[in-house]
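Here is the structure we will look at, set down as structure tokens.
The values are calculated or read from the model by the stated rules, or taken from the named source; none is laboratory data. Keep in mind that what you see is a predicted model, and the values were worked out from it rather than measured. Positions of Cβ are backbone-derived with ideal geometry, glycine not excepted, and every protein chain shown enters the neighbour counts.
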Amino acid sequence: MNIGKHWFTLLAVAVSAAVGAVVATNWRRWHHRAAHDLQHKNDLKSWENEGGNLAPSPAPSVLP
């Protein structure tokens, strides 16, 4: 089957657009995850600098 040059060009553009969309989506997902991890790391460090300990739980009251 003989495909004209314009069909081949159209197919190449469509495939390139699809591959570009996949790459952009994966990059965006990676960037969002990296930014979230960095924010979590900064929040954890800030929390640890404030003392980092949870408040002690109240002692259970003994009922007679």
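Given the conditions (1) small (Gly, Ala, Ser); (2) surrounded by 10 or more Cβ atoms within 10 Å (Cβ to Cβ); (3) at pLDDT below 85, report the number of the one that ALA55 does not fulfil. Of (1) small (Gly, Ala, Ser); (2) surrounded by 10 or more Cβ atoms within 10 Å (Cβ to Cβ); (3) at pLDDT below 85, only one is false for ALA55: (2). Considering segment 1-52, the residues that are of a type in the set (Asp, Glu) and surrounded by 10 or more Cβ atoms within 10 Å (Cβ to Cβ) include one that is modelled with the highest pLDDT, namely ASP37.
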